[in-house]
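Novice: The structure that follows is given in the form of structure tokens.
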Amino acid sequence: ALISYLILNTINPQILSTNLKVNDLTISNVGGGAVADGAGTGKLDQEKSEVSAENGYGSSTYDGKPFTKGAADPNAWPGYSDYAGNTYTATDNSDRTGTISGTIQYLKDYVPTKYPRLEPTSTYRSPEWNATVGGVPNSDHVRGKAIDFHSASGKVDAPFSSDGNALVDYLVANGRSIGVDQIIFEKRNYIANGAGWREGNPVAKHDNHVHIGLE
């Protein structure tokens, strides 16, 4: 470094006074593929970053919005009766197959029709894969009773946030009627057992997807 400094100073001292600025670069890995940033990100790292809020709650009240007991809109879930009580199969990121509830399959099919900027990306998680990504043994994903929605465009932008928050509001108003117990999005964690909205570090990784867990 000293030799480089002396050479540049000899050639033209003004070079050393030039301010070189590199703009911040943000890399999004919503799709779960590898990102060439040297960090080794991919399916494993993505899911590791997503399980923290499922393993613990935040520490402060968010806004006190009530989680409605029963559907505020009797027509909130069209076609749900065709799914209720059934089970379906799903494959996790380790290519292991398990079962998911009819409600999770319904949300997977229905939510994108109502909020087209949202795409289902994770439902069932095998015990082996769950342990690999650091999930608790009784994770809703292992039970086949959880689903995540990422940005359909791959961009974590304002339109995605708008659809994500609209889905959250819809679930708060109507989710209890189909057994929704937990909602996590944008550093907010909602538990239906009376804990209410919470925020904090445990949900810091949920800016890029909406997590929905069932009873």
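The values are calculated or read from the model by the stated rules, or taken from the named source; none is laboratory data. Bear in mind the structure is a predicted one, so any value in this text is a computation, not a measurement. Quick reminder, even Gly has a Cβ in these numbers, built from the backbone with ideal geometry, and neighbours come from all protein chains shown. All accessible areas refer to the heavy atoms of the entire protein, side chains included, with ligands and DNA or RNA removed. Shrake-Rupley method; radii C 1.70, N 1.55, O 1.52, S 1.80 Å.
Novice: Six or more apart or on different chains, Cβ atoms under 6 Å: show the pairs whose first residue is in the range 83-96 and in contact (Cβ under 8 Å) with a residue 12 or more places away in the chain and open to solvent by less than 50 Å² (accessible area, probe 1.4 Å) and whose second is in a loop (DSSP other than H, G, I, E, B) and of a type outside the set (A, V, I, L, M, F, W, C).
Specialist: Matching pairs, first to second residue: Ala90/Thr123; Ala90/Tyr124; Asp92/Tyr124; Asp92/Arg125; Asp92/Ser126.
Novice: Taking the condition of being touching a residue at least 24 places away in the same chain (Cβ under 8 Å) and open to solvent by 50 Å² or more (accessible area, probe 1.4 Å), how many residues in the range 72-81 meet it? Show your work before the answer.
Specialist: If we filter the range 72-81 for residues that are touching a residue at least 24 places away in the same chain (Cβ under 8 Å), which is where we start, we get 72-73, 76-80.
Still in the list and also open to solvent by 50 Å² or more (accessible area, probe 1.4 Å): 72-73, 78.
Within the range 72-81, residues that are touching a residue at least 24 places away in the same chain (Cβ under 8 Å) and open to solvent by 50 Å² or more (accessible area, probe 1.4 Å) number 3.
Novice: Separate question: Is at least one residue of the range 108-125 modelled with pLDDT under 95, open to solvent by 30 Å² or more (accessible area, probe 1.4 Å) and closer than 15 Å to Val210 by Cα?
Specialist: Filtering the range 108-125 down to residues modelled with pLDDT under 95 leaves 121-122.
Narrowing further to those that are open to solvent by 30 Å² or more (accessible area, probe 1.4 Å): 121.
Pick out the ones that are also closer than 15 Å to Val210 by Cα and you get 121.
Within the range 108-125, one or more residues are modelled with pLDDT under 95, open to solvent by 30 Å² or more (accessible area, probe 1.4 Å) and closer than 15 Å to Val210 by Cα.
Novice: Does the range 137-146 contain any residue that is farther than 19 Å from Gly213 by Cβ and out of contact with any Pro (no Cβ under 9 Å at 6 or more places or on another chain)?
Specialist: no
Novice: Which condition does Ala131 not pass, out of (1) open to solvent by 30 Å² or more (accessible area, probe 1.4 Å); (2) in contact with a Pro (Cβ under 7 Å, 6 or more places away or on another chain), if it passes all the others?
Specialist: All conditions pass for Ala131, except number (2).
Novice: Any idea how many residues of the range 187-211 are modelled with pLDDT of 70 or more and surrounded by fewer than 18 Cβ atoms within 10 Å (Cβ to Cβ)?
Specialist: Final tally of qualifying residues: 2.
Novice: Assess whether Val136 counts as being among the β-branched types (Val, Ile, Thr), without any contact (Cβ under 8 Å) to a residue 60 or more places away in the chain and either under 24 Å from Lys155 (Cα atoms) or surrounded by fewer than 19 Cβ atoms within 10 Å (Cβ to Cβ) (or both).
Specialist: no
Novice: When you go through (1) in contact with a Lys or Arg (Cβ under 6 Å, 6 or more places away or on another chain); (2) in a loop (DSSP other than H, G, I, E, B) one by one for Ser94, which number turns out not to apply?
Specialist: All conditions pass for Ser94, except number (1).
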